[in-house]
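The values are calculated or read from the model by the stated rules, or taken from the named source; none is laboratory data. What you see is a predicted model, and the numbers here were worked out from it, not measured in a lab. With ideal geometry, Cβ positions are generated from the backbone for all residues, glycine too; neighbour counts draw on all protein chains shown. The area values use the complete protein model at the heavy-atom level, side chains included, leaving out ligands, DNA and RNA. Shrake-Rupley method; radii C 1.70, N 1.55, O 1.52, S 1.80 Å.
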Amino acid sequence: QVQLVESGGGLVQAGGSLRLSCVVSTSIFSINVIGWARQAPGKERAVVAARSRSGSTSYVDSVKGRFTISRDNTENTVYLQMNNLKPEDTAVYYCNGLSDGTTYWGQGTQVTVSS
């Protein structure tokens with residue numbers, strides 16, 4: 001069983017930055033793909049950034065150039081650096097990890113961007 005615990009959400013003005021953190025309960029090297037998804041009110045949850053165990057990354061077009069996913073192997077932590085935030089980035093952000101064919105999810109952290 002893998003547990004993921006997010007933190008770092010909050011309220012920020014448009015153009016501001018936030019860094020989300022996700023602490024993984026097991027060795028991060030046991031996670032094949034780890035990423036961040038978000039869900040806005042009335043919308044489906046969608047992945048916005050992902051990082052494979054090999055280090056390759058991918059982003060949804062709407063966050064490219066603004067969000068960066070990174071990993072601290074010693075702390076078993078994954079980060080999502082979010083810059084130039086926009087009101088449309090407002091959502092609950094979830095950390096997710098794929099390990100041995102099972103996808104695990106964190107409890108989510110709220111990000112609110114005011115205009």
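Scan segment 98-115 for residues that are among the small types (Gly, Ala, Ser) and closer than 26 Å to Asn84 by Cα and report the count.
Residues flagged as among the small types (Gly, Ala, Ser) and closer than 26 Å to Asn84 by Cα within segment 98-115 amount to 4.
Do any residues in segment 85-109 that are among the aromatic types (Phe, Trp, Tyr) have Cβ atoms under 9 Å from those of residues that are surrounded by fewer than 18 Cβ atoms within 10 Å (Cβ to Cβ) and not in a loop (DSSP other than H, G, I, E, B), where the two are at least six apart or on different chains, and which pairs are they?
Qualifying pairs under 9 Å: Tyr93/Gln39; Tyr93/Gln110; Tyr94/Gln39; Tyr94/Trp105; Tyr104/Leu98.
Quick check on segment 1-23: of everything there that is of a type in the set (A, V, I, L, M) and modelled with pLDDT of 95 or more, which residue is farthest from Ala91 (Cα to Cα)?
Val23
Could you tell me how many of the residues in segment 1-13 are open to solvent by less than 50 Å² (accessible area, probe 1.4 Å) and either under 17 Å from Thr102 (Cβ atoms) or not in a strand (DSSP E or B) (or both)? Reasoning before the result, please.
Of the residues in segment 1-13, the ones open to solvent by less than 50 Å² (accessible area, probe 1.4 Å) are 2, 4, 6, 8-10, 12.
Pick out the ones that are also either under 17 Å from Thr102 (Cβ atoms) or not in a strand (DSSP E or B) (or both) and you get 2, 4, 8-9.
The total comes to 4.
I'd like to verify a number: residues in segment 91-113 that are more than 28 Å from Ser54 (Cβ to Cβ) and either touching a His at 6+ places or on another chain (Cβ under 6 Å) or open to solvent by 40 Å² or more (accessible area, probe 1.4 Å) (or both), how many?
Summing the residues that are more than 28 Å from Ser54 (Cβ to Cβ) and either touching a His at 6+ places or on another chain (Cβ under 6 Å) or open to solvent by 40 Å² or more (accessible area, probe 1.4 Å) (or both) in segment 91-113 gives 2.
What number of residues in segment 65-76 are surrounded by 12 or more Cβ atoms within 10 Å (Cβ to Cβ) and modelled with pLDDT of 95 or more?
5
Only one of these conditions is not met by Ser62: (1) assigned to a helix (DSSP H, G or I); (2) open to solvent by less than 60 Å² (accessible area, probe 1.4 Å). Which number is it?
(2)
Quick one: in segment 23-45, which of the residues that are out of contact with any Phe, Trp or Tyr (no Cβ under 6 Å at 6 or more places or on another chain) and aliphatic (A, V, I, L, M) is surrounded by the fewest Cβ atoms within 10 Å (Cβ to Cβ)?
Step by step, filter segment 23-45, then rank; the result is Ala40.
Working only within segment 78-90, note down all residues that are over 17 Å from Glu44 (Cβ atoms) and surrounded by 17 or more Cβ atoms within 10 Å (Cβ to Cβ).
Val78, Tyr79, Leu80, Met82, Leu85
Which condition number does Val48 fail, the rest of (1) open to solvent by less than 30 Å² (accessible area, probe 1.4 Å); (2) among the β-branched types (Val, Ile, Thr); (3) under 18 Å from Thr102 (Cβ atoms); (4) assigned to a strand (DSSP E or B) being met?
Every condition holds for Val48 apart from (3).
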